[in-house]
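So the structure is just underneath, and the comments pick up after that.
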Amino acid sequence: MSPIMAQPPALQRLGDAPATQDSNLTLPGPTPTFVEGHSRTLAQATLPVADYLPVVAKQTYWKVPFEWTRTVPPRDDPLSQDWSWLNGRTSPEPTRLVADILASSPGPEDRYAVEVLGAEEAARRTLALASGFSYLPDRWHVLSVREQTAGFVLPVIYDGCARDGLDEATIYHMGVSPAHRGTGIGRLLLRQATRLLFTHGVWRIYCDTPSNNAPMIHLFESEGWTRLPAHERPIAL
């Protein structure tokens, strides 16, 4: 299963002119983006001037959005004896796992982030979240298979988008390591994140994925998510 990227703001700036400060270059932000009834604030990030590449590639791509508004969570799947869940309360950040997934991602923004920042720095930025999002208490979740990290998922909350006491949420990023794709791990990750957010209390989970990510689109549809109209985006950092 290839990664999902639910429009993480740290990797999708929309092309403001950069401004230099001393020996560093500050990428543009914060910038509000309005999508399907909520706003997202894009955080600033700072890179050394020597490492700077253009913030926005002169290309666009299409994303396919989905939402979960059901009143029941997906089923809780029992794991095999040598499979287990890890999370941010008790385990270190899975930077290497996320870097490997981003480096092999079909997503244009993932590929651009790796090209500009390198895989490990792109992974650190993904795990750090951007302004406008909040982690649940367990932060990230990793599925371990026979003591090997096989996939990760980041269920998060949109700040300031609650309705009637319920938050709006997204899966900030999700992916399966190249060695474990095609084994059903993506489905387990998606169900785990959806259950966690449902238990937290949300009125909607909104996600999207690149239109060329056919396995992820099929997974959303087979899990009962509602498909929304596709939208075009610039490839941006």
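Along its principal axes, the range 161-237 has C-alpha extents of 41, 30, 25 angstrom, given from the largest down.
Placing a pseudo-label 7 Å from each Cα along the Cα-to-Cβ vector at Tyr135 and His218 gives an inter-label distance of 3.3 nm.
Going from the residue with the fewest nearby Cβ atoms within 10 Å to the one with the most, His141, His218, His173 rank His218, His141, His173. Near Pro73, once Lys and Arg are set to +1 and Asp and Glu to -1 for all other residues with Cβ below 13 Å from its Cβ, the sum equals +1.
Values quoted throughout were computed directly from the atomic coordinates according to the rules given, and no laboratory measurement underlies them. All figures in this text were calculated on a predicted structure; none of them were measured in a lab. Methodologically, a virtual Cβ is constructed for each residue, glycine included, from the backbone with ideal geometry; neighbour enumeration extends over all protein chains shown.
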